[in-house]
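In what follows, a structure is listed as structure tokens, so that the remarks can point back to it.
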Amino acid sequence: DLRADATTAGNWFDLQRASIEGGKIKDNGILSGALGVYNRTLLVESTRLPLAINSSTGAAISNTRRAVFCGAQALSCAYGKDSGPTKFVWTEKLFDYDNELGVSVSCIHGMKKSIFNSEDFATITIPTYAAPAA
């Protein structure tokens, strides 16, 4: 919805255009695949977030979406295989009479949201109304 409004003054397009015109090109969030940066916060679109949940029935609510703000140390990541320089298995193979190179990379890893003393201090979830797409 941030990108849908192109007419209101001070909209998302105006903010991002001003940022680029002001010389913020090299580390602009739009050029990295993100939606952009607003107030030093990187905004990223994701299809992996679940719909908001009705607190009394536990049912998903189709006209809501979640915004998740992740602070420092919101995620922990662990690797298998001694966490040394060999934690990735890298395999190269030549095909088509050595004209084409195939590369396979694998590792054992896991990621988990950080929780300390049964409390979460690293994320804020904000469910909001989402108008049907036009």
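Annotations
- The residue that is surrounded by the most Cβ atoms within 10 Å (Cβ to Cβ), among those in segment 101-134 that are assigned to a strand (DSSP E or B) and hydrophobic (A, V, I, L, M, F, W, C), is Ile124.
- Condition check for Asp98: modelled with pLDDT under 85, open to solvent by 60 Å² or more (accessible area, probe 1.4 Å) and in a loop (DSSP other than H, G, I, E, B): no
- Residue identified as open to solvent by less than 70 Å² (accessible area, probe 1.4 Å), without any contact (Cβ under 8 Å) to a residue 40 or more places away in the chain, of a type outside the set (Val, Ile, Thr) and closer than 30 Å to Ala4 by Cα among Ala78, Ala67, Ala52, Ala59: Ala59
- Among the conditions (1) outside any loop (DSSP other than H, G, I, E, B); (2) at pLDDT 80 or above; (3) more than 20 Å from Ala130 (Cα to Cα), Arg66 misses just one, which is (3).
- Matching residues, segment 16-43, being in a helix (DSSP H, G or I), open to solvent by 70 Å² or more (accessible area, probe 1.4 Å) and at pLDDT 75 or above: Arg17, Glu21
The values are calculated or read from the model by the stated rules, or taken from the named source; none is laboratory data. Keep in mind the model is a prediction, meaning the values are calculated, not measured. Neighbour counts are summed over all protein chains in view; Cβ atoms, including those assigned to glycine, are modelled from backbone coordinates with ideal geometry. Quick note on the areas: whole protein, heavy atoms, side chains included, nothing else; ligands and nucleic acids left out. Shrake-Rupley method; radii C 1.70, N 1.55, O 1.52, S 1.80 Å.
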